[in-house]
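What follows is a short report on a single structure.
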Amino acid sequence: MKEAHRVIAIDGPAASGKSSVARELAQRLGFLYVNSGAMYRAITWHVLQHGVDPDDGARIAQTVESARITCCLENNQSRILIDDVDPTDHLRDDRVNEGVSRVSSVPRVREILVAKMRSYARHHDLVMEGRDIGSFVFPDTAYKFYIDASPEVRLHRRAAQGQRDEIAARDRADSSRRASPLVIAEDAHVIDSSNFTIESVVGEIIGRLKMKGLAI
Ligand code: CDP
């Protein structure tokens, strides 16, 4: 099904720079910015708060089904509330970094969140970042980008954010899971951001979007 609004999909592995690029791009274009990783992180925090083992798929599914997940907008960015609690301050906690790949591999979790992601496109032009946005969530969009960077640069970027985050383990898990793994969509434009600033990557994307005829 073709979405009602324009969607720019930005996928890539951990710490590749896609969040900074996607946020800046959305701001430049006046599109809504949606960080799908933050949605998986919020769910992970919620199930951990409920004492659920991140390897217990059945209980995770049950816990998520009985939660009230509300998506709202603030400053042209999406926010997620779970049972009226805003988990924003906890999304980068060590235990969330550690558990998120396992929780997000549960098919029911993905079903519930993907439906929310698609619903944003009914009312807004979007820049959405994640792992499977071009390959699965919005396969029909003509605007797909895959942002990569060398493993060394990605490690360095995450360490500079002061976080303990096993990004190589997360990439392995995200790429090898059964439910919509991290892949490069066939029609995605790949950008290696290792040696480029955010502004130059955003510039390259905007150039490409214009070439593809997106009216911006
Ligand atoms: O740390 P980074 O910003 O690179 O990751 P993130 O975008 O916050 O995503 C955190 C985790 O959520 C990923 O490692 C995946 O396990 C999961 N995720 C996913 O499965 N599908 C998405 N579309 C986005 C994130």
Residue, surrounded by the most Cβ atoms within 10 Å (Cβ to Cβ), within region 60-88, restricted to residues that are in contact with a strand residue (DSSP E or B) (Cβ under 6 Å, 6 or more places away or on another chain) and of a type in the set (V, I, T): I80
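Run down R110, R122, R102 and say which single residue is out of contact with any Gly (no Cβ under 9 Å at 6 or more places or on another chain), within 12 Å of the ligand (Cβ to nearest atom) and in contact (Cβ under 8 Å) with a residue 40 or more places away in the chain. Outline the logic, then answer.
Numbers: R122 fails: within 12 Å of the ligand (Cβ to nearest atom); R102 fails: out of contact with any Gly (no Cβ under 9 Å at 6 or more places or on another chain).
Checking each option against the conditions leaves just R110.
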Considering region 48-59 alone, what residues qualify as being away from the ligand (no atom under 13 Å from the Cβ) and either buried (at least 23 other Cβ atoms within 10 Å of the Cβ) or touching a residue at least 40 places away in the same chain (Cβ under 8 Å) (or both)? L48, D55, G57
Report every pair of residues separated by at least 6 positions or lying on different chains whose Cβ atoms are under 6 Å apart, first residue within region 3-22 and closer than 21 Å to A115 by Cα, second more than 13 Å from the ligand (Cβ to nearest atom) and of a type in the set (D, E). H5/D125; R6/D125
Is it true that some residue in region 24-39 is assigned to a loop (DSSP other than H, G, I, E, B) and either within 19 Å of A215 (Cβ to Cβ) or near the ligand (Cβ under 10 Å from one of its atoms) (or both)? yes
Give me the pairs, please: first residue somewhere in region 161-186 and under 14 Å from A14 (Cβ atoms), second residue anywhere and within 8 Å of the ligand (Cβ to nearest atom) and acidic (D, E), beta-carbon distance under 6 Å, and either six or more positions apart or on two chains. L182/D174
Exactly one of (1) touching a Phe, Trp or Tyr at 6+ places or on another chain (Cβ under 8 Å); (2) without any contact (Cβ under 8 Å) to a residue 12 or more places away in the chain is unmet by V96. Its number? (2)
Which residue is farthest from the chain's Cα centre (by Cα), if the candidates are limited to region 3-19 and must be over 9 Å from D148 (Cα atoms) and more than 7 Å from the ligand (Cβ to nearest atom)? A4
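The numbers here are math on the coordinates, done by the rules we state, and not lab data. Worth saying up front: this structure is predicted, and the values here are computed from it rather than measured. A quick note on method: Cβ atoms are made from the backbone with ideal geometry, for glycine too, and the neighbour counts reach across all protein chains shown.
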